[in-house]
Amino acid sequence: MRILVQKFGGTSVSTVENRRLAAEKISHAIEEGFRPVVVVSAMGRKGQPYATDTLIGVAKDSHSLLSRRELDMMMGCGEIISSVVMASTLQEFGIDAVVLTGGQAGIITDNQYGNAKILRINPSRIKKELAAGKVPVVCGFQGMTAEGDLTTLGRGGSDTTASALGAALPAEMIEIYTDVDGIMTADPRVAPKAHILDKISYAEVSQLAQQGAKVIHPRAVEFAMQKNIPVVVKSTFSDAPGTLITTAAQIAESSDEPISDRIATGVTYVKDIIQIKAELSADNAHADSSRIFKLLANAGINVDLINVLPRQLLFTVQEDDAQETKQCLGATGYRLTTLEKCAKVSVVGGGMGDVPGVMASFVEALAAKEIPLLQTGDSQTSISALIDGKHLEIAVSALHSQFGLD
Ligand code: ADP
Ligand code: MG
């Protein structure tokens, strides 16, 4: 059986017309001899009635003290609605569809509500439905604990659902349908000169995703990579071939030129960040910072861009976690200052590690636009800077052209 996982993002299922375009992609796959397993996200984007953010808003309006477990039950509703609606569109196309929740599809997670990790997958129910000639439509973004509680997989989690199912079944290929023609050198909404990458290695796309390119979720890349399953990111709204994600070896095989890791694959950003400065005691700075990190870790708060200075600790958190961070550290008595509405811009590339002058070039691009650097961070495969969010678009475009990506 040639299984194909086809995942449709929020915009792709948002209206009747869009769902019909999605159904055409599914119908086409069946004609090609594939057995599709469909995964859907919640309908639409922020502000639309059944979008995840709207559901969170509804839950929080009435119960500000709602626990994360109950909030997950609310967040999971969006995918239930869209999968039922998608199944009804498929029936209209004469395709016999069956809706499965994440739990019914066999996705077992830990109980870290809101950002649960997949522990194992039992695809037997999906296989049974396929054997019965049906097209399973699986609610993305959801999992289930061993006790049967509904969990959600974190932002962009439907990509992870698709990829994890693709690896477990296993599928011949995973298709991620979205509202852009593929993975680009930068977010086209922010950098008008961004262009499509035809092929990209698992490692490269994983670096882009980790640094904020939300076109695919970082965990989704890992699952596909472990089983070497090709992933294609493409548009529901065009017939463009999209971006093929595969091994570096396979890309090299199909290319005439010898390939080496690109210095810069793309430019990414993360918005809505706050920078936090904590004053540490002069003689106990180490103990202070490890205490702070332990408190934040226990509260499940993700910390980024960390600088430990002799009397000061600098780090960033997402604005969504600001309230909890302040609560968590408020009682400790450390003097905290926060800087809101920051953004992180990064240049990502597997080949930058050994090349001298990359940092200089990065700083030069931002300096030329008079954009102050609030903090920087770097690894073998990326350079990042924290900047005032108001400079975001100019910064991304400046770096895009500085690194020859225009
Ligand atoms: P979906 O609901 O289909 O999962 P997302 O909004 O999660 O869609 O992801 C698609 C969006 O990702 C695009 O509309 C684009 O604005 C954004 N994006 C960010 N970085 C990139 C990139 N490097 N390449 C393509 N799209 C990107
Ligand atoms: Mg997405």
- Could you list all residues from region 139-183 that are hydrophobic (A, V, I, L, M, F, W, C), crowded, with 24+ Cβ neighbours inside 10 Å and within 15 Å of ligand 1 (Cβ to nearest atom)? 139, 141, 153, 162, 174, 176, 183
- Considering 387, 371, which residue is touching a Cys at 6+ places or on another chain (Cβ under 9 Å) and outside any helix (DSSP H, G or I)? 387
- Query: So, of the residues in region 219-264 that are of a type in the set (S, T, N, Q) and open to solvent by 80 Å² or more (accessible area, probe 1.4 Å), which turns out to be nearest to residue 402 (Cα to Cα)?
  - Reply: 260
- Query: Only one of (1) open to solvent by 40 Å² or more (accessible area, probe 1.4 Å); (2) closer than 20 Å to residue 276 by Cβ fails for residue 377. Which number is that?
  - Reply: (1)
- Note on the structure: Those residues of region 23-42 that are within 21 Å of the chain's Cα centre (by Cα) and more than 13 Å from ligand 2 (Cβ to nearest atom) come to a total of 2
- From the set of residues in region 85-107 that are in a loop (DSSP other than H, G, I, E, B) and open to solvent by 50 Å² or more (accessible area, probe 1.4 Å), which is nearest to residue 117 (Cα to Cα)? 104
- Task: Answer yes if at least one residue in region 345-356 is part of a helix (DSSP H, G or I) and either open to solvent by less than 70 Å² (accessible area, probe 1.4 Å) or modelled with pLDDT of 90 or more (or both), and no otherwise.
- Result: no
- Query: Can you name the number of the only condition in (1) open to solvent by 30 Å² or more (accessible area, probe 1.4 Å); (2) more than 11 Å from the chain's Cα centre (by Cα); (3) within 13 Å of ligand 2 (Cβ to nearest atom) that residue 214 fails?
  - Reply: (2)
- So which of 162, 171, 167 is closer than 21 Å to residue 3 by Cβ, touching a helix residue (DSSP H, G or I) at 6+ places or on another chain (Cβ under 8 Å) and either within 14 Å of ligand 2 (Cβ to nearest atom) or not hydrophobic (A, V, I, L, M, F, W, C) (or both)? 162
- Message: Please determine whether any residue of region 224-235 is of a type in the set (Lys, Arg) and either within 16 Å of ligand 2 (Cβ to nearest atom) or under 16 Å from the mean Cα position of the chain (by Cα) (or both).
- Response: yes
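The values are calculated or read from the model by the stated rules, or taken from the named source; none is laboratory data. On a predicted model such as this, the values are computed, not experimentally measured, just so you know. No Cβ is skipped: glycine too gets one built from the backbone with ideal geometry, and neighbour counts run over all protein chains shown. Ligands, DNA and RNA are excluded from the accessible area calculation, which covers all protein heavy atoms including side chains. Shrake-Rupley method; radii C 1.70, N 1.55, O 1.52, S 1.80 Å.
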